[in-house]
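Inspection log for the structure reproduced underneath, given as C-alpha cells.
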Amino acid sequence: MTAVAQDREVSVVEAAPKKLYINGQWRDASGGATLEVHDPSTGEVLCSVADATEEDGWEALRAAEAAQESFAAMPPRKRADILMKAFELMHERKDDLALLMTLEMGKPLAEAYGEVNYAAEFFRHFAEEATRISGNYQTAPAGNARFIVAKQPVGPSILITPWNFPLAMGTRKLGPAIAAGCTSVLKPAELTPLSMLALAQLLEDAGVPAGVVNIVVTSTAGKVMEPLIRSGIARKLSFTGSTGVGKKLLEQCADKVMRTSMELGGNASFVVFEDADLDKAVEGAMQAKMRNSGEACTAANRIFVHESVISEFSEKLAARMGELQVGRGVAEGTTVGPMVDAKQRDKVAELVDDAVKSGAEVVLGGEPAAGEGFFYKPTVLKGVPREARMWREEIFGPVAPVTPFTDEGEVIKWVNSTEYGLVNYVFTENLNRALRVAEAVESGMVGINQGVVSNPAAPFGGVKESGLGREGGDIGIDEFLESKYIGIAVN
Ligand code: NAP
C-alpha cells in the first residue's frame, strides 16, 4: 500500500457529504449547528458536519414512519436488487470509503479496505436473504385448523452504531432492515459520521427510496434519541456500543415494549493449551488482539497460556508485536493507528498503569507514544494478576496481557468469571478438548484455532451482558421480522 498524498486526503474530505440525510433530502440541522470531525492521528479538525437537534430527529422518524407501508410492499426481489447495487457501489467507491474511514477513525488504510469489503458483504448476504423470507403452514394437532405463520417487517427501526467499525456496524443493521422491508433512522457515532454519510449517498444512488434510510448525526445523542425511542413510533432498536449505554437504552425501550437487538461490550479470553501449535497461536493472538489496533469488541482482552509454554509464547508474541509499525493510518507500512481520541488513549494508559502497579511485568511498550495524535505503543504484559482492572474492563487498545494457567478446569472458570460473553478463542490440537472447552465457555461465539470470527454469513452476537440477538447469518434477518400466526378453522 502506498502512502496517500495530502491533496488526495483534502479532496476526499471536501467531497464527502456533511449534511443530515432525511426523507431523501440533504439538509442542514435546524438552527444550523455543526460539529467538528477530527483526525485522531494529528488531533486536527478534518471538517464540520451538521449537528442534528431534537426537531431533526423527529423529522427523520416521521419520514421513516411515512415510508414504512410502501417500502414493506416493495417486492423482495426489488429490495434485493437495491442491496446488490449498493454492494457493487461499495466496491466501486472503495478507495474513497477506505480513505475517509482512516482519516476520521485512524485505522491503517489496509484495515479500512478490509472493513469496506466486510461491510459490503452484509449487503450481498442480505440481498440473497431478502428473497428467501418464508413462513410456515401446519395442521393443528387436533386436525380441526390450519396454522399459517407469516413473516412481516417489524416496522420503522432506530439503529445506533459505534465509532470503531464506522461502516460495517451500519451495513450489518441496514442490510437486514432493508431486506426485511423496514425503514430506519440511523445515528452514527459523533466521532465518525463521515463514513455513514458517504454510505447514505451510496444507498440513495443504489435506489433506496426517500424516507427509507435517514441519517441523523448529533453531538447530543441522549437528548435527540431518547424521545424518539420512547415515542413508540419505531418498533425496533438495534444498538451496537457499550454495555453501559445499552442498559440505559433497554430501559427506554421498556416503555413501549420495543423489540431490541443489543451488540454490546466484550471481555474475550484467548486460551493457549500446552498442545497448541504455538506459531499458529501467536498469529491468532495477533489477529484477535491487534485487529483495529485492539479497538474491537472481539479483541482478546485476557490471554491465558499454559505455564509450560508461556515463556516461549510470550517471547514470540513480543517479537511479533515489536515488528508493528505505529503511525498515521494513511502512511505506508503503518500497521497500528492511533486510538480514536485522547480519552480512549488515556483509558488504555490508566489500565496498563494499574496492571503494572498490581504486579504485571512489561515485556514490550507500556506507555503512550510521544508526539501529536492519540497513539499508544503496542504492549505485552506478563503475569497480570486477577486484581488488575483489565481482567474485568475492556482495554480497547493494543495491549496484550498474558497470564499463566495450569489446568483446564481452572482456566474455564477464569474465562467465565466476567459479566461479558461475546467471544472466546481456544488454541489446541486436541479435538476433544477443543469441543469440551467450546461447549463450557459462556459466550455467543468461540474461535477454535482462529483469531477472527466475524463473518457476514455467521450469526454474530453475545450472551450475558454482551447482548441480545444476533446479526448476520441465516437468523440475522429475523431481528427485523415478526412472526404472525393466522389460524384457519377447518370443518
Ligand atoms: P458507546 O459510547 O456506547 O456509543 C455507541 C453509540 O451510542 C454511539 O453512536 C453513541 O453516540 C450512542 N450513544 C451514547 N449515549 C447514548 C444515549 N444516551 N442515547 C442514545 N445513543 C447514545 O460506545 P462506543 O464507545 O462508541 O463503542 C465502543 C463500544 O462498543 C465497546 O464497548 C465495544 O465493545 C462495543 N461494540 C460492540 C460490538 C458488538 O458487536 N458486540 C461491536 C462494536 C463495538 P455518540 O458517539 O454521540 O456518543
- Item | Test result for residue 331, under 19 Å from residue 39 (Cα atoms), away from the ligand (no atom under 16 Å from the Cβ) and modelled with pLDDT under 95 | no
- Note on the structure: Of those in region 171-200 that are in contact with a strand residue (DSSP E or B) (Cβ under 8 Å, 6 or more places away or on another chain) and in a loop (DSSP other than H, G, I, E, B), the residue nearest to the ligand (Cβ to nearest atom) is 190
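Is it the case that region 345-352 has a residue that's of a type outside the set (Phe, Trp, Tyr), more than 16 Å from the ligand (Cβ to nearest atom), farther than 20 Å from residue 427 by Cα and surrounded by fewer than 22 Cβ atoms within 10 Å (Cβ to Cβ)?
yes
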- Among the candidates 57, 135, which residue alone is surrounded by 18 or more Cβ atoms within 10 Å (Cβ to Cβ) and over 27 Å from residue 331 (Cβ atoms)? 57
- Task: Keeping to region 91-103, report how many residues are surrounded by fewer than 24 Cβ atoms within 10 Å (Cβ to Cβ) and touching a helix residue (DSSP H, G or I) at 6+ places or on another chain (Cβ under 7 Å).
- Result: 5
- Tally, over region 182-196, of residues that are over 20 Å from residue 99 (Cβ atoms) and crowded, with 24+ Cβ neighbours inside 10 Å: 6
- Flagged in region 176-232 as acidic (Asp, Glu) and in contact (Cβ under 8 Å) with a residue 40 or more places away in the chain, in numbering order, are 190, 204, 205
- Look at residue 106 and say whether it is closer than 30 Å to residue 335 by Cα, modelled with pLDDT of 95 or more and either assigned by TED's automatic domain parsing to the domain that holds residue 257 or crowded, with 24+ Cβ neighbours inside 10 Å (or both). yes
- Task: Search region 124-161 for residues being of a type in the set (A, V, I, L, M) and in a strand (DSSP E or B), and hand back the single one that is farthest from residue 185 (Cα to Cα).
- Result: 145
- Query: Among the residues of region 122-133, is there at least one that is farther than 23 Å from residue 342 by Cα, of a type in the set (Lys, Arg) and within 21 Å of the chain's Cα centre (by Cα)?
  - Reply: yes
- Note on the structure: Filtering region 469-488 down to residues that are in contact with an Asp or Glu (Cβ under 9 Å, 6 or more places away or on another chain) and on the phi < 0 side of the Ramachandran plot yields 470, 471, 474, 476, 477, 479
- Odd one out for residue 245 among (1) within 16 Å of the ligand (Cβ to nearest atom); (2) touching a residue at least 24 places away in the same chain (Cβ under 8 Å): (2)
- Look through 490, 380 and report the one residue that is away from the ligand (no atom under 13 Å from the Cβ), at pLDDT 95 or above and not assigned by TED's automatic domain parsing to the domain that holds residue 306. 490
- Message: Looking only at region 225-242, how many residues end up being surrounded by fewer than 18 Cβ atoms within 10 Å (Cβ to Cβ), of a type outside the set (D, E, K, R) and within 8 Å of the ligand (Cβ to nearest atom)?
- Response: 1
- Item | One residue from 29, 3 being part of a loop (DSSP other than H, G, I, E, B) and closer than 27 Å to residue 292 by Cβ | 3
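I'd like the full set of residues that are small (Gly, Ala, Ser), more than 16 Å from the ligand (Cβ to nearest atom) and part of a loop (DSSP other than H, G, I, E, B), limited to region 290-322.
The answer is 308, and nothing else.
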- Name the one entry in 115, 121 that is in contact with a helix residue (DSSP H, G or I) (Cβ under 6 Å, 6 or more places away or on another chain) and under 30 Å from residue 326 (Cβ atoms). 115
- Cross-chain or 6+ apart pairs with Cβ under 6 Å, region 142-168 first and assigned by TED's automatic domain parsing to the domain that holds residue 191, then within 10 Å of the ligand (Cβ to nearest atom) and in a strand (DSSP E or B): 158/237; 159/186; 160/187; 160/239; 161/240; 162/240
- Of all residues in region 394-414 being in a helix (DSSP H, G or I) and either of a type in the set (Phe, Trp, Tyr) or touching a strand residue (DSSP E or B) at 6+ places or on another chain (Cβ under 6 Å) (or both), the one that is surrounded by the fewest Cβ atoms within 10 Å (Cβ to Cβ): 414
- Note on the structure: Selection from region 116-138 of residues touching a Pro at 6+ places or on another chain (Cβ under 6 Å) and either among the polar types (S, T, N, Q) or outside the structural domain of residue 153 (by TED's automatic domain parsing) (or both) yields 131
- When region 454-466 is checked residue by residue, the ones that are within 11 Å of the ligand (Cβ to nearest atom) and within 18 Å of residue 165 (Cα to Cα) are 454, 460, 461, 462, 466
- Task: Report yes if some residue within region 212-224 is surrounded by fewer than 24 Cβ atoms within 10 Å (Cβ to Cβ), within 27 Å of residue 440 (Cβ to Cβ), of a type outside the set (Gly, Ala, Ser) and within 14 Å of the ligand (Cβ to nearest atom); otherwise report no.
- Result: no
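The values are calculated or read from the model by the stated rules, or taken from the named source; none is laboratory data. Fair warning: this is a prediction, and the values are worked out from it, not measured in the lab. Virtual Cβ from ideal backbone geometry, glycine too; neighbours counted across all protein chains shown.
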